[in-house]
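Notes follow the structure.
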Amino acid sequence: MNKSSKTDRRQCIISLVFAAIVVVCVCVGVVMNLTTLYDENFDHMGIRTFCMFTVNSNILAGIGMFLTIPYGIDELRKRSYRIPGWLVILLFVLVTSVTITFLVSLFILAPVKGFWLIFSGSRFFLHGVCPILSILAFCFFIKDHELSVQDALLTLIPVFIYASVYFVMVRIIGEEHGGWNDFYGFLTRMPPWVAPVLIMPLTFGVAMLLRFLHNRSCRRFEQKAAQELSELSLETRAEKLIEYMGAESGKANAASDITIPRRFIKRLAGEDCTPEKLAELCMLYLEAFMRSNAGSEVPTEEDSAEFAEALADQPETPPNTDK
C-alpha cells in the first residue's frame, strides 16, 4: 500500500471512530433525558425532551454519522476511501444544526446557568461530546465533495422548520391548549422579529465557516496526495502503479465488488490528464482487476469498449466508478 493510500485509510478509520462515538453518545444522552422524569433546572424531560432543538439536532446529526459507517466499512474493505456527495451535503446541513446547539450552549446558556449545569449529565453528551466530534469529523476527516454557497443555504432548512413549529406550538396553540411554553423566550422575552433576524444569519455564518474548513481540508488532502503520488511516479510509471492497484484489488474482492478509484487514478496521472487518457487508465485498472480475480466472469471485448466510451464522457466523479 502506497503512502497516499495509507493516508486515505487513516482518515477513513478516524472518521469511522468519531461517527461511532457520536451515534452511541446521542443514544445515551436521549435515553438519559427520556428516563429522567423531573429535573429542577430543566422543564423538558421525559417524552417532552423532543420539544428541544438540542435533542432534535443531535438526533439528526447522529443519524447522519450513522449513515457514514456502512460506507466507511465498505470503503476499507474495497480500498476505495470515498463518501458519496449527497451524504456529505446532508452531513453539512445536520452538523451545522448541532454546531448551533454547541455555540448557544457555550456562549449563551453556560454563562447564565453555569458551565457545570450545561455540560453535565445528558447535556455532557448533547451539548458537548456529540457536537464537537461531529464538527471535527466533518471539517477535518471527511475529505470528499467540496461544498458550494448554494449548499450552505440548505442548512437554513432545519432551523426554519423548527422555528415554524416552535411559533405554532407557543403562539398559536399555546401551553394552555396542549402546546409549549416559551422555554427559549423568543416570543415573550424579546420582540418576535429579533429571533429570526439573529438566528438565520447566525446559522448561515456558521455554515459558511464549516464550509470553509471542510473545503480547505479537501483541497489540502488532494494536494498532499497528488504530491505524494507525483513523487512516487518519478520512480515507477503511473501505468504500472495503476496495474498493481487493480491486481491487488482483484485478489481481495469479488468481481461483483469492482470499484474504479477514478479520482485516485486522476491524481496519479497528473493535472494535465485528458478524459481519454483517464478512461484508458481506468480500463487498465479494470483489466488488471479481472486478470487477478481468477475464476470470475470476465467482461467481453464489446462490454469493455462500451465501458471505456461511457467512462470518457462521465463527469469528474461518476457515481458508479468512484464514490
The conditions are (1) closer than 24 Å to residue 43 by Cα; (2) part of a helix (DSSP H, G or I); (3) without any contact (Cβ under 8 Å) to a residue 24 or more places away in the chain, and residue 97 fails exactly one of them. Which is it? (3)
Residue by residue through the range 113-166, note down the ones that are at pLDDT below 95 and among the charged types (D, E, K, R). 113, 123, 143, 144, 146
Helices (runs of 4 or more DSSP H) contained entirely in the range 237-319, each with at least 3 residues that are at pLDDT below 75 and farther than 23 Å from residue 223 by Cβ: 301-312
From the list 149, 112, pick out the single residue that is under 18 Å from the mean Cα position of the chain (by Cα), in the same structural domain as residue 22 (by TED's automatic domain parsing) and more than 16 Å from residue 100 (Cβ to Cβ). 149
With (1) within 21 Å of residue 7 (Cα to Cα); (2) among the small types (Gly, Ala, Ser); (3) under 30 Å from the mean Cα position of the chain (by Cα); (4) modelled with pLDDT of 75 or more as the list, and residue 225 as the residue in question, which single condition is left unmet? (4)
Would you confirm whether or not the range 244-265 contains a residue that is in contact with a Phe, Trp or Tyr (Cβ under 9 Å, 6 or more places away or on another chain) and aromatic (Phe, Trp, Tyr)? yes
May I ask you to list the residues in the range 98-140 that are in contact with a Lys or Arg (Cβ under 9 Å, 6 or more places away or on another chain) and either acidic (Asp, Glu) or farther than 21 Å from residue 203 by Cα (or both)? 117
Residues 82, 123: which one is of a type outside the set (A, V, I, L, M, F, W, C) and assigned to a loop (DSSP other than H, G, I, E, B)? 82
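Yes or no, residue by residue, for (1) assigned by TED's automatic domain parsing to the domain that holds residue 270; (2) of a type outside the set (Val, Ile, Thr); (3) surrounded by fewer than 17 Cβ atoms within 10 Å (Cβ to Cβ); (4) farther than 22 Å from residue 52 by Cβ:
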residue: 170; (1), (2), (3), (4): no, no, no, no
residue: 177; (1), (2), (3), (4): no, yes, yes, no
residue: 181; (1), (2), (3), (4): no, yes, yes, no
residue: 195; (1), (2), (3), (4): no, yes, no, no
residue: 200; (1), (2), (3), (4): no, yes, yes, no
residue: 208; (1), (2), (3), (4): no, yes, yes, yes
residue: 212; (1), (2), (3), (4): no, yes, yes, yes
residue: 215; (1), (2), (3), (4): no, yes, yes, yes
residue: 219; (1), (2), (3), (4): no, yes, yes, yes
Within the group 42, 107, which residue is free of Cβ contacts under 8 Å to residues at least 12 places away in the same chain, more than 23 Å from the chain's Cα centre (by Cα), surrounded by 15 or more Cβ atoms within 10 Å (Cβ to Cβ) and outside the structural domain of residue 289 (by TED's automatic domain parsing)? 42
I need a count of the residues in the range 139-191 that are assigned to a helix (DSSP H, G or I), among the charged types (D, E, K, R) and closer than 27 Å to residue 72 by Cα. 1
On the basis of being over 16 Å from the mean Cα position of the chain (by Cα) and either surrounded by 21 or more Cβ atoms within 10 Å (Cβ to Cβ) or not assigned by TED's automatic domain parsing to the domain that holds residue 145 (or both), does residue 101 make the cut? yes
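The values are calculated or read from the model by the stated rules, or taken from the named source; none is laboratory data. Source: prediction; values computed, not measured. Reconstructed Cβ throughout: ideal geometry from the backbone, glycine too, with neighbour counts over all protein chains shown.
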